[in-house]
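Trainee: I have a structure here, written as structure tokens, and I will follow up with some questions on it.
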Amino acid sequence: MSYKKIDITLPPNKNFSPKASFKNQKEYYQALNNNTDLAKAFDFSMPENFLYTRANLTRDFIQPNKSKLRLVSENKDKEISALDFVVDAYEDFRTFVKNKKFKKLVDDPIIKKDWCAVVGWQDLDIFYGKRMNEIYQSFVRQYLQPSQKEREIKNFDDFLKIFINNYFAQINIPITKSGFMNSRNIGPNFSGLCLQINQGDVTTYSNKYNNFVNSKNFEVFSLAAAQFGFMLDYHVPWRLVANLNSPKLFPYIQDRANVVFLESETQKTFGLSPPHQHSYSVDESLNGYTTPPINVAESVVPPHVHEIISGEVKQAQYYSDEISNTSHIHDVSYDDNYSLTPSDIYGIYFNKTSALDIETLKVYLVDMYNTFANNIPVSLFNVTCDNSQDYSTLFGSGKRVTRQINRSPTSLEDINEQYEKSFWYKLYFNIRLKEVGAKISAEKRAYAIRKMEEYYFFVDKDRALRYINDYLKQFY
């Protein structure tokens, strides 16, 4: 018995013919998007959809909170994980299809009766580390050594100037986590919101159509997925994408989030501020963290969180180390009528990549220099010594001498003493402006940096970072 829904096979476009490619694309679109029997697929290539799974509702780039990840229990050969509520919904979805719809599944070699997740969350930190190592290798082997710029590097300061001003200025590769999240190098699997049941070829429409979309099981798979809060990725139809706007998914989020309100026990927060509230989540041992204050302006109550240990709320942990005399605690109260908002979901399950961008980049830059200094501690090169008193050189070449540069590794502590903290914010701002492709005049750039410095020196560094991120949003 055929497992195809329609007795059509799209021929593979072996010669990369534009005509064949267009025909296959049209057939694929009609089968997936024009079929009213299927749940609508989600197209990440559409401009309005590009930031989904990459950014929160205010377009700040995000990565999942690793403490909220959970392993998929079905796959014993490989550790597959996603955010806890995504795994809960997925496992109920799979059980539903097997128990309720099993009789409708045909013997399909692709959407098999015993299908399971084979790809889940990918770690942005690991990806970032690998990319930064590749960038370093390229910088040394393809730029420094061929150009002989390495002879200009005596210390970290020289290394930084050449890396940023000469090398980074010429490449179109990001060097910050936020930059990667806004690039095509990153896919939705880094969000913890996706699970795949296949690892097939996604580069050709013929493969996706012949081996998945045209399966008799695809309709059951598509409709059942929507009933549990999932969308199918238009370009990767075997990828399940959690739909944070789906009421079908919301009960799983609500069950996992364990959200309650914290009422302020004291008005001693920041200046003459009113009492404020947090939402928070705890695990089965009543351990967890709050979100930042909700429904209160940052100018009144500065951003902060509380750690919760065994149900006890600890003193505030402020994002800025320059804020003092703000210690306070909260009483725990539960609100049965409280409903999570999409903003709450992002606050509980995700962290902003920008929060640690500057410190992370600094660590990698120092590590790059130390690797360079350890691998090439000495550089020898010949130069011509121009001695105007030596008349013998007037009609011939000057005396050749050998110069030597000795390099020593540095430490993060030394770098922190050598550079003002505001330097790294200005550097980060300029790097991010290049990463987002900002086409602005020198005057506008200088004004924006001055504005950022005002926030840094007269408010705090967190407000300066927020200004940087908000300013950049106009370019993406």
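Trainee: Using the beta-carbon distance between ARG184 and PHE457 and R0 = 22 Å, what value does 1/(1 + (r/R0)^6) give for FRET efficiency, to the nearest 0.05?
Mentor: Values: r = 37 Å, r/R0 = 1.68.
Working from the Cβ atoms, E equals 0.05.
Trainee: If you don't mind, there's one more thing I want to ask. Residue separation times 0.36 nm, minus the C-alpha to C-alpha distance between ASP114 and ASP255: what's the value?
Mentor: 48.0 nm
Trainee: Working out 0.36 nm times the residue gap between ILE329 and THR402, then minus their Cα-Cα distance, what length gain in nm do you get to one decimal?
Mentor: Values: separation 73, 0.36 × 73 = 26.28 nm, distance 6.63 nm.
Full extension of this stretch gives 19.6 nm more.
Trainee: Do any trypsin sites (Lys or Arg not before Pro) in the range 176-239 lie in a loop, going by DSSP, with at most 11 other beta-carbon atoms within 10 Å of their beta carbon, and if so which?
Mentor: Passing sites in the range 176-239 are ARG184.
Trainee: Any idea which of LEU160, ASN35, ASN182 is furthest toward the positive side of the dipole for the range 1-243, if Lys and Arg beta-carbons carry +1 and Asp and Glu beta-carbons -1?
Mentor: ASN35
Trainee: State, as an integer percentage, the relative contact order of the range 132-232 based on alpha-carbon contacts under 8 Å between residues 6 or more apart.
Mentor: 11 percent
Trainee: Do any trypsin sites (Lys or Arg not before Pro) in the range 426-470 lie in a DSSP loop with no more than 12 other beta carbon atoms within 10 Å, and if so, which?
Mentor: Loop-located and lightly packed - LYS439.
Trainee: If you don't mind, there's one more thing I want to ask. Stretched out fully, how many nm does the piece from LYS66 to GLN122 gain, at 0.36 nm a residue minus the Cα gap?
Mentor: Full extension of this stretch gives 19.1 nm more.
Trainee: Can you compute the FRET efficiency between THR203 and PHE475 using 1/(1 + (r/R0)^6), with r the Cβ-Cβ distance and R0 = 41 Å? Round to the nearest 0.05. It would help to have the intermediate numbers written out before the result.
Mentor: Numbers: r = 30 Å, r/R0 = 0.72.
The pair THR203/PHE475 has a calculated efficiency of 0.90.
Trainee: In the range 10-79, how many lysine pairs have Cα atoms under 22 Å apart, counting only pairs 8 or more places apart or on different chains?
Mentor: Eligible lysine pairs with Cα atoms under 22 Å apart amount to 8.
Trainee: Would you please name the chymotrypsin sites (Phe, Trp or Tyr not before Pro) within the range 7-54 that are DSSP coil residues with at most 10 other C-beta atoms within 10 Å of their C-beta?
Mentor: Values: sites: PHE16, PHE22, TYR28, TYR29, PHE42, PHE44, PHE50, TYR52; in loops: PHE16, PHE44, PHE50, TYR52.
Here the sparse-neighbourhood loop sites are PHE16.
Trainee: Also, I was wondering about something else. R0 = 41 Å: FRET efficiency of ASP158 with LEU340, Cβ-based, nearest 0.05?
Mentor: Given R0 = 41 Å and the Cβ-Cβ separation, E is 0.20.
Values quoted throughout were computed directly from the atomic coordinates according to the rules given, and no laboratory measurement underlies them. In this text, all values refer to a predicted model and were calculated from it rather than measured experimentally. Every residue, glycine as well, gets a Cβ built from its backbone with ideal geometry; the counts of neighbours run over all protein chains shown.
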